[in-house]
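**Q** The structure that follows is given in the form of structure tokens.
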Amino acid sequence: MPKSASEDKRPVVESPRSPRSCETSLCFSDGRRKVDYVLVFHQRRHGSLRSPATVSASREMLSIVSNGNFPPVGSDVEAARGGGAQRGGAAGAGEAFAEVRGREPAEPAFYEMPMIREEFEANLLEAGLELERDSEVRAHGPSFTRLHAPWPVLCREAEFLKIKVPTKTSYKLKEESGFGSRMSSVWRTLKQPFQPKVPHQDQESTKFLSHCFSRDKLHLYNITSKDTFFDNATRGRIVYEILRRTVCARTCQTIGISTLIAKGVYDAAFPLHDGDFAVVGQVEEKNDRQVLHQEWARYSAFYKYQPIDLVRKYFGEKIGLYFAWLGVYTQLLIPASVVGIIVFGYGVATMNTNIPSQEMCDDSLNFTMCPLCDGACDYWHLSTACGTARASHLFDNPGTVFFAIFMSLWAVLFLEQWKRRQISLSFSWDLTGIEEDEEHPRPRYETVLLQKRQRKQKKKKPRRKTEAAAEKLTWKDRVAGYVINVSSILFMFGLTFSAVFGVIIYRITVSALMAMSPDPETKSNVRVTVTATAVIINLVVILILDEIYGSVALWLTELEIPKTETNFEERLILKAFLLKFMNAYAPIFYVAFFKGRFAGRPGNYVYVFNDYRMEECAPGGCLIELCIQLSIIMLGKQLIQNNIFEIGIPKLKKLFRELKNKSPAVAEREEERPPQQWNLDHDLAPFEGLTPEYMEMIIQFGFVSLFVASFPLAPLFALLNNVIEIRLDAKKFVTELRRPVAVRAKDIGIWYNILSGMGKFSVIINAFVISFTSDFIPRLVYQYMFSQTGTMHGFIDHTLSHFNVSNFKPGTAPENSEHGNITVCRYKDYREPPWSPDAYAFSKHYWCVLAARLAFVILFQNLVMFLSLVVAWIIPDVPKTIVEQLKREKKLLVDVFLQEEKEKFQLIQSLFSKEATHPPSQASFIPGRYSTLPPGLTQSSDRHGEGQRVRCRAASFSQFSRNVPAQPRSDNENSRQTMV
């Protein structure tokens, strides 16, 4: 592609043809300067290549509307780097906008992109970064611009960002004594086989004081080497901060690299990984990526603790907090799994002694049940449902109530434990007291705001600078997006309910068709077949709608035009969670609370489409169906999403991307020389945020906590899944994704509020599941109110009502009955018998059971809420040791700075005493540079007498660490070296 004249003038540093000067492929061609960030762009192929004359003519179509602070577009690179004009352009970025005739300004043409890159990179040079580009721009394929931040820029930006760094001062952490010390020692010994082998770990008994970086206090920090003082993650974050605030005011009125990527000027921007993840050579020379791969990102390391500190060092606090949260969640699933296994074992042990299931399996009782469908279905005996009744007892027993209470308290304990862990990590990672980073507007927000200014500019006269800068998007600009959001979400809810209703229709119709089958084997397996196939259909629909809802939530959030990435992420999370929550749990809610509630009774059934009866619960109750529904959906989502969506699909995308990007010419060139690290990282998938990872675990948390009363083994399956999930995510971050920018975060954000809300909601759901879905309350009512012996004998007969078959509506009675002359059949409900004056009305037993159900819900909720408050009160949010260490650190920092001020004052006093004894000559004394007194102050003090000495002002230590000869002042502040 032809280059512009100004682009030819740019000094280009050729990249090395071989890694002879830098074996790790992480440096510039000189082998010394690290590559801290990489910008990637492709040369686009079009139907016809334009000639230089066409390009220059097209450039003339680009007109600049500004306040006069910007040079013309055709100016050379030196003018683009010009200090005054360019800085003025950056300051007045809100005043100018680019207007392309007949084209949207947010979508620059391909021939304008080199100009935008030229200005952007010139501004990066102006900001102090050092650039290196490929010696030749490829006609096809990626071209790389590598960035390096020198020491002065790192110091400046670290001070701006208030990055905390360790000082030379350290202190020993308080150690336990007595019995606690012995127990801690034993616990550390037991945990030793599970600890990852991470080299150069800090001593746990010693901690260095940390303080926000300041260029005036370099002597306080433990700076052994300027190249390694800031680790690679911090260097990448510093460069990203420069990239996101750098302005392209002359060419496209853009702020930040994210907007340039959105406009297609650059294809990607990312920091580099620390070399290859495969260990080559000596084990002691492993980099952080290799250590993480060896000790964290392998399935064989499933039994080890996560090296969270190293994860945070390599990926940043935000990703470190996610894996720390996932680790705490997985650890606390262990006691929940143990209790769930015990409850399930209790159901297995008492299955043969359970009286209600024995009565259902007893053929001698001869409970003849009413038909399950009209006409084609015959009467049937309750003993044929023996297997369902015995299976129901596994999950519907007195231990279920205890387990529901335990899991509600477990959710509170999990949140309290995470708060303590989060505060401990904030202390050890020096996150206490950090401020939220200032966020720049998103590219979409900038584009819409620019278009709004352009429309107003055409209608009105140019306003003053302050008025233009204060302009922002209002609710009127977003009202269309809000309307579409509300209507779309309501439509998605309707779609979810329609899918659930469709499966209900499927169950009803297939049950009726199978009941008409002449095959007795088919008739006997109607309920099992329909339930299993319906749940599988539900699972497939949930997985498909999950992917659709994720894309829809992203689209709807874009329509709202959030200003910052934080606002965008929070709104996206709320929409995606709301849609996916309804999608995953709607079928389960139906089985738990609606199935069989509105079916009616024999002789007065409720029909769908005037032909099909509403389905009823199984003879053993709806809890066993709820268990089947929950288990299949939970296990299916985990297995399919983990094995197909998270493993298979990314690998297919990577293979497709490699086949698409690798042309024969490129392959030949790559065979000649080994690929550099930026080539390898560019072939990896881009990091797209933690929202999918959190969402998967939050939905699983709902399965574990919301309906756990129906499936006590849910925590066990969640634990097994998470053990694999941790290593799967780790492998993905270390080997398959580009290195994300190390984002600083104090907590997990809005996810904690969602977890807290789900924990409270789970108390209500479990109370209603035990009360209305299971038979726990009817059994208690029968045993203590209606049983003549005080036992469960006669419970099944008590729960079955009578129906006179002569009361069937015409055409609904069995056509060809094989049971002879049946006059009365039974059905499960609390209704008056047909010989009663109020035939088929709800009996007093029904109202007693209903009152007991409601009373249990109120009692359960209040009991669990009270115990939750007790647990939250007993467990403090901040560990006592952290409180003591924070106080100690604050005192030590005050002592350090007081000692520094004392040394400064003593140094100043000694200088003044030397000046009084040996007055400097006029030629060698430079007022204001080596003295903190203003010029002429010594003479004035002599005139006022010896007793009146003027107090000196506070001075920086750096004033006394410079060389005596006066240095010439450099025009470029960024090129000034900071002395260590």
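**Q** Only one of GLY790, GLY757 is closer than 30 Å to MET865 by Cβ and either surrounded by fewer than 17 Cβ atoms within 10 Å (Cβ to Cβ) or under 39 Å from the mean Cα position of the chain (by Cα) (or both). Can you tell me which? So that I can check it myself, show each step before the final result.
**A** Values: GLY790 fails: closer than 30 Å to MET865 by Cβ.
Exactly one of GLY790, GLY757 is closer than 30 Å to MET865 by Cβ and either surrounded by fewer than 17 Cβ atoms within 10 Å (Cβ to Cβ) or under 39 Å from the mean Cα position of the chain (by Cα) (or both), namely GLY757.
**Q** In region 222-232, is there at least one residue being small (Gly, Ala, Ser), under 25 Å from ASP36 (Cβ atoms) and surrounded by fewer than 15 Cβ atoms within 10 Å (Cβ to Cβ)?
**A** Going through region 222-232, the residues small (Gly, Ala, Ser) turn out to be 225.
If we keep only those that are under 25 Å from ASP36 (Cβ atoms) as well, we get 225.
When the remaining residues are screened for being surrounded by fewer than 15 Cβ atoms within 10 Å (Cβ to Cβ), the result is 225.
Yes, region 222-232 contains at least one residue that is small (Gly, Ala, Ser), under 25 Å from ASP36 (Cβ atoms) and surrounded by fewer than 15 Cβ atoms within 10 Å (Cβ to Cβ).
**Q** Same structure again: Any chance you could count how many residues in region 501-514 are open to solvent by 20 Å² or more (accessible area, probe 1.4 Å) and under 41 Å from the mean Cα position of the chain (by Cα)?
**A** Counting residues in region 501-514 that are open to solvent by 20 Å² or more (accessible area, probe 1.4 Å) and under 41 Å from the mean Cα position of the chain (by Cα) gives 4.
**Q** Those residues that are open to solvent by 30 Å² or more (accessible area, probe 1.4 Å) and in contact with a Ser or Thr (Cβ under 7 Å, 6 or more places away or on another chain), I need them from region 515-551; list them, please.
**A** Within region 515-551, just LYS523 meets the criteria.
**Q** Let me ask another. Which one is nearest to PRO196 (Cα to Cα), of the residues in region 290-317 that are among the hydroxyl-bearing types (Ser, Thr, Tyr) and touching a residue at least 60 places away in the same chain (Cβ under 8 Å)?
**A** Initially, region 290-317 is screened for residues among the hydroxyl-bearing types (Ser, Thr, Tyr), giving 299-300, 303, 305, 314.
Subsequent filtering for residues that are touching a residue at least 60 places away in the same chain (Cβ under 8 Å) retains 299, 303, 305, 314.
Numbers: TYR299: 13, TYR303: 10, TYR305: 6, TYR314: 16 Å.
Only one residue tops the list, namely TYR305.
**Q** Which of (1) closer than 19 Å to ALA685 by Cα; (2) open to solvent by 40 Å² or more (accessible area, probe 1.4 Å) does ARG245 not meet, given it meets every other one?
**A** It is condition (1) that ARG245 fails.
**Q** Can I ask one more? What helices (runs of 4 or more DSSP H) lie completely within region 632-701 and have 3 or more residues being modelled with pLDDT under 85 and open to solvent by 50 Å² or more (accessible area, probe 1.4 Å)? Working first, answer last.
**A** Details: elements: 649-661, 664-672, 677-682.
Helices (runs of 4 or more DSSP H) meeting the threshold: 649-661, 664-672.
**Q** Now for a different question. From the list ALA709, ALA745, ALA718, ALA730, exactly one residue is among the small types (Gly, Ala, Ser), in contact with a Ser or Thr (Cβ under 6 Å, 6 or more places away or on another chain), touching a residue at least 40 places away in the same chain (Cβ under 8 Å) and closer than 24 Å to PHE577 by Cα. Which is it?
**A** Working: ALA745 fails: in contact with a Ser or Thr (Cβ under 6 Å, 6 or more places away or on another chain); ALA718 fails: in contact with a Ser or Thr (Cβ under 6 Å, 6 or more places away or on another chain); ALA730 fails: in contact with a Ser or Thr (Cβ under 6 Å, 6 or more places away or on another chain).
Being among the small types (Gly, Ala, Ser), in contact with a Ser or Thr (Cβ under 6 Å, 6 or more places away or on another chain), touching a residue at least 40 places away in the same chain (Cβ under 8 Å) and closer than 24 Å to PHE577 by Cα holds for just one of ALA709, ALA745, ALA718, ALA730, which is ALA709.
**Q** Looking only at region 571-608, which residues are surrounded by fewer than 15 Cβ atoms within 10 Å (Cβ to Cβ) and either part of a helix (DSSP H, G or I) or touching a helix residue (DSSP H, G or I) at 6+ places or on another chain (Cβ under 8 Å) (or both)?
**A** VAL608
**Q** Kindly provide the set of residues from region 702-726 that are open to solvent by 10 Å² or more (accessible area, probe 1.4 Å) and outside any loop (DSSP other than H, G, I, E, B), ordered by number.
**A** If the condition is that a residue be open to solvent by 10 Å² or more (accessible area, probe 1.4 Å) and outside any loop (DSSP other than H, G, I, E, B), then LEU716, PHE717, LEU719, LEU720, ASN721, VAL723, ILE724, ILE726 are the ones that fit.
**Q** Next question. Of the residues that make up region 742-753, is at least one crowded, with 20+ Cβ neighbours inside 10 Å, of a type outside the set (S, T, N, Q) and farther than 24 Å from PHE230 by Cα?
**A** yes
**Q** Residue by residue through region 744-780, note down the ones that are among the small types (Gly, Ala, Ser), outside any helix (DSSP H, G or I) and closer than 26 Å to PHE395 by Cα. Walk me through it before giving the result.
**A** Filtering region 744-780 for residues among the small types (Gly, Ala, Ser) gives 745, 749, 756-757, 759, 762, 767, 771, 774.
Pick out the ones that are also outside any helix (DSSP H, G or I) and you get 745, 749, 774.
Of everything in region 744-780, just one residue is among the small types (Gly, Ala, Ser), outside any helix (DSSP H, G or I) and closer than 26 Å to PHE395 by Cα, namely SER774.
**Q** Which residue out of GLU889, GLU903, GLU832 is of a type outside the set (A, V, I, L, M, F, W, C), at negative phi and open to solvent by 70 Å² or more (accessible area, probe 1.4 Å)? It would help to see each step written out before you state the result.
**A** Working: GLU889 fails: open to solvent by 70 Å² or more (accessible area, probe 1.4 Å); GLU832 fails: open to solvent by 70 Å² or more (accessible area, probe 1.4 Å).
After applying the criteria, what remains is GLU903.
**Q** Looking at region 473-489, I want the residues that are of a type in the set (Ser, Thr, Tyr) and have a partner that is assigned to a helix (DSSP H, G or I) with Cβ atoms under 7 Å, at least 6 apart or on another chain. Which pairs are those?
**A** Between residues of region 473-489 that are of a type in the set (Ser, Thr, Tyr) and residues that are assigned to a helix (DSSP H, G or I), the close pairs are SER488/VAL552; SER488/LEU556.
To keep it simple, each residue is scored yes or no on (1) of a type outside the set (Phe, Trp, Tyr); (2) modelled with pLDDT under 90; (3) assigned to a helix (DSSP H, G or I).
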residue	(1), (2), (3)
PRO114	yes, yes, yes
GLU136	yes, yes, no
ARG146	yes, no, no
VAL153	yes, no, yes
ARG156	yes, no, yes
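**Q** Let me ask you something else. Among the residues of region 867-884 satisfying the criterion of being under 30 Å from the mean Cα position of the chain (by Cα) and closer than 29 Å to HIS211 by Cβ, which is surrounded by the most Cβ atoms within 10 Å (Cβ to Cβ)?
**A** Step by step, filter region 867-884, then rank; the result is ILE882.
**Q** Among the listed residues SER806, SER801, which satisfies the condition of being open to solvent by 50 Å² or more (accessible area, probe 1.4 Å), small (Gly, Ala, Ser) and not assigned by the TED database to the domain that holds ALA301?
**A** Numbers: SER801 fails: open to solvent by 50 Å² or more (accessible area, probe 1.4 Å).
After ruling out the rest, the residue left standing is SER806.
**Q** Does region 212-252 hold any residues that are in a strand (DSSP E or B) and touching a Phe, Trp or Tyr at 6+ places or on another chain (Cβ under 9 Å), and which are they?
**A** Keep residues of region 212-252 that are in a strand (DSSP E or B), which gives 212, 221, 247-248.
TYR221, VAL247, CYS248 - these are the residues of region 212-252 that are in a strand (DSSP E or B) and touching a Phe, Trp or Tyr at 6+ places or on another chain (Cβ under 9 Å).
**Q** Looking only at region 552-560, decide whether some residue is among the acidic types (Asp, Glu), open to solvent by less than 30 Å² (accessible area, probe 1.4 Å) and under 21 Å from the mean Cα position of the chain (by Cα).
**A** Kept after step one, since they are among the acidic types (Asp, Glu), are these residues of region 552-560: 558, 560.
Applying the additional criterion that residues be open to solvent by less than 30 Å² (accessible area, probe 1.4 Å) yields 560.
Now narrow it down to the ones that are under 21 Å from the mean Cα position of the chain (by Cα): 560.
Yes, region 552-560 has at least one match.
The values are calculated or read from the model by the stated rules, or taken from the named source; none is laboratory data. What you are looking at is a predicted structure, and each value in this text was computed from that prediction instead of being measured. A quick note on method: Cβ atoms are made from the backbone with ideal geometry, for glycine too, and the neighbour counts reach across all protein chains shown. Protein only, heavy atoms only, side chains kept; ligands, DNA and RNA dropped before computing areas. Shrake-Rupley method; radii C 1.70, N 1.55, O 1.52, S 1.80 Å.
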